[in-house]
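One structure is given below, encoded as structure tokens.
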Amino acid sequence: VFAITGTTAGVFICDVMGHGMRAALITAIMRGLLEELMPVAADPGRFLSEINRSLHAILKRTHETFLATAFYAVADCNSDEVRFSSAGHPSPFRVRRQRRAIEFLKDHDPSHGPALGLFERAVYPTCRCPTEENDLLILFTDGLYVAQNHAKEEYGMERLKNAMQARAALAPNDLLDQLLAEVRAFSGSADFED
């Protein structure tokens, strides 16, 4: 989360393929690219397009397939909308607290681009979603809903949506704490594999 202007903030989340030193290196590269590309951070589609172009140029020298899913949103206090772009990342939830409703951001605009690093000239459209006072955006990686129980059953997106729906009126910290506790109880583990 970073300031773009006095009334605008950017929120970036990504999930790098794999684990270990290589994934950590890609994560470090991504952090550097975020800093370098701050001049275009107000435009989500352009921001992801430039990150992708730079990441692809770096990764093509390794001759190995490496990718990262990402989601980037721009929240502006002076507008009643959030602008966003997705690079193959799970759609965040919009918690409409006044209506106690949960929806995917992709329900407003399903456009998205491929995961970062795969294609040199990938296009990432800028999408828009109206917002209301007290709305929450819940960003997450697939590690949350692919958590498995002892029978190898995934927690799943439907359970995740229902769990959020049941907690829509809670304060954000309480909602997230209870949600994580439920997924941990389902998996029977205090840690997430992914």
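Here are the numbers for the structure shown:
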quantity	calculated
Reach of Lys106 by Cα under 21 Å, taken over lysines that are not fewer than 8 positions away in the same chain	Lys161
The chain: most fluctuating residue of Gly113, Gly20, Gly143 per GNM, C-alpha cutoff 10 Å	Gly20
Size-normalised alpha-carbon gyration radius of region 1-103, reference 2.2 N^0.38 Å	1.19
Alpha carbon convex hull of region 69-175, volume per residue in cubic angstrom	117 Å³
Fluctuation leader among Ser54, Ser79, Ser91 - the chain, Gaussian network, Cα springs under 10 angstrom	Ser79
Theoretical gain in end-to-end length, Ser111 to Glu133 [0.36 nm per residue, Cα-Cα removed]	5.4 nm
³J(HN,Hα) computed for each position of region 171-181 - Karplus, 6.51 cos²θ - 1.76 cosθ + 1.60, integer Hz, glycine/proline x	4, x, 4, 5, 4, 5, 4, 5, 5, 4, 5
C-alpha center-to-center spacing [region 163-194, region 34-64] in angstrom	32 Å
Cβ-derived FRET efficiency at R0 25 Å, Gln98 paired with Gln178, nearest 0.05	0.80
Descending semi-axes in whole angstrom, ellipsoid equivalent of the chain, from the Cα gyration tensor	27, 23, 13
Table column - 3J(HN,Hα) (Hz), region 83-94, Karplus curve with 6.51, -1.76, 1.60, x for Gly and Pro	9, 8, 8, 10, 10, x, 8, x, 5, x, 8, 9
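Readers should treat all values here as calculations from the given coordinates under stated rules, not as data from a laboratory. These numbers were taken from a predicted model, which means no experiment stands behind them. Methodologically, a virtual Cβ is constructed for each residue, glycine included, from the backbone with ideal geometry; neighbour enumeration extends over all protein chains shown.
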